[in-house]
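A short worksheet on the structure shown next.
The values are calculated or read from the model by the stated rules, or taken from the named source; none is laboratory data. Note that the structure is a prediction, hence the values are computed from the model and not measured. Because the Cβ atoms are built from the backbone with ideal geometry, glycine has one as well, and the counts that use them run over all protein chains shown. Accessible surface areas use protein heavy atoms only, side chains included; no ligands, DNA or RNA. Shrake-Rupley method; radii C 1.70, N 1.55, O 1.52, S 1.80 Å.
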Amino acid sequence: MEQAKKIYLNWSGGKDSSLCLWEAVRQGIVPGALLTSINSVYDRISMHGVRRELLLQQAASLGLPLHTVELPENPSMPEYEEKMRAQVTSLKRLGFSHAIFGDIFLEDLRQYREKQLQLMEIGSLFPLWKKDTGELLRQFLDLGLKAIVVCVNEQYLDKSFCGRLIDRSFLHDLPTGVDPCGENGEYHSFVYDGPVFKEPIPFTTGEMLTRQYDRPDATGENYTFCFCDLISL
């Protein structure tokens, strides 16, 4: 990859994003901006539920400009794609030609991302692709990256995991069948310290919240998610 090409990183604020950033830089791929989807109703990172204020502190500590996709609370797929296209078009006008993703093994998701960006003549890079997720989480810890679980899908993981720091005991306690990196959506995290940051992100934990969401296929029971609110210090 030629360094003259401008690359932006799809940043969720979680551990996979930070490990993806570290691995990309290790490979000589240095992103010039972050792109994050925001639930504009609650002013929080989509799915993760982390406050915008903490996201802004992450971007400042990373030293990268932040671009956001402002979404309604429950966007339809056409609404999501329209908002995403608008922001990617804006990035393209700024000279960005490639996007980096922290996806690991979800083939359909990778194909979807590549197809959508190909329509806009934007390339896609996946530095963590097909790496063993258990090894990735151990590498995350060995590097000194630090994260806290901010959301769990109770279909896969007990709510007692919400609010836990991601450490070796967390990895040990994960039930059989739960992906170590939560690649199937079992949990989401907020990374607050490590070699990718200039300084740690100070925060304290707030209340636990439970929310239900409709299943995409409209069959069976709704998904129940537990969120741990984080408050900036």
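As a summary of the residue check, residue 147 satisfies the conditions (1) under 30 Å from residue 200 (Cβ atoms); (2) assigned to a helix (DSSP H, G or I); (3) within 18 Å of the chain's Cα centre (by Cα) except for the one numbered (2).
Within region 71-92, being out of contact with any Asp or Glu (no Cβ under 7 Å at 6 or more places or on another chain) and surrounded by fewer than 15 Cβ atoms within 10 Å (Cβ to Cβ) holds for 73, 74, 76, 77, 78, 79, 81, 82, 86, 89, 90.
Out of the residues in region 5-14 that are open to solvent by 10 Å² or more (accessible area, probe 1.4 Å) and touching a strand residue (DSSP E or B) at 6+ places or on another chain (Cβ under 6 Å), state the one that is nearest to residue 201 (Cα to Cα).
Looking at the filtered set, the residue picked out is 10.
Based on this model, can you work out whether residue 104 counts as under 18 Å from the mean Cα position of the chain (by Cα) and part of a loop (DSSP other than H, G, I, E, B)?
Yes; evaluated as a whole, the condition is true for this residue.
Per the conditions (1) surrounded by 21 or more Cβ atoms within 10 Å (Cβ to Cβ); (2) outside any helix (DSSP H, G or I), the sole criterion not satisfied by residue 30 is (1).
Quick check on residue 62: is it over 29 Å from residue 211 (Cα atoms), modelled with pLDDT of 95 or more, surrounded by fewer than 17 Cβ atoms within 10 Å (Cβ to Cβ) and not charged (D, E, K, R)? Criteria not met by residue 62.
Yes or no, residue by residue, for (1) surrounded by 15 or more Cβ atoms within 10 Å (Cβ to Cβ); (2) not aliphatic (A, V, I, L, M):
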residue: 113; (1), (2): yes, yes
residue: 119; (1), (2): no, no
residue: 124; (1), (2): yes, yes
residue: 128; (1), (2): yes, no
residue: 147; (1), (2): yes, no
residue: 159; (1), (2): yes, yes
residue: 163; (1), (2): yes, yes
residue: 170; (1), (2): yes, yes
residue: 175; (1), (2): no, yes
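Listed by first and then second residue, the pairs with beta-carbon distance under 8 Å, at least 6 apart or on different chains, first residue in region 180-208 and of a type in the set (Lys, Arg), second surrounded by fewer than 22 Cβ atoms within 10 Å (Cβ to Cβ), are 198/61; 198/62; 198/63.
Specify the residue that is surrounded by the most Cβ atoms within 10 Å (Cβ to Cβ); the eligible residues are those in region 130-143 that are among the aliphatic types (A, V, I, L, M) and out of contact with any Phe, Trp or Tyr (no Cβ under 7 Å at 6 or more places or on another chain).
137
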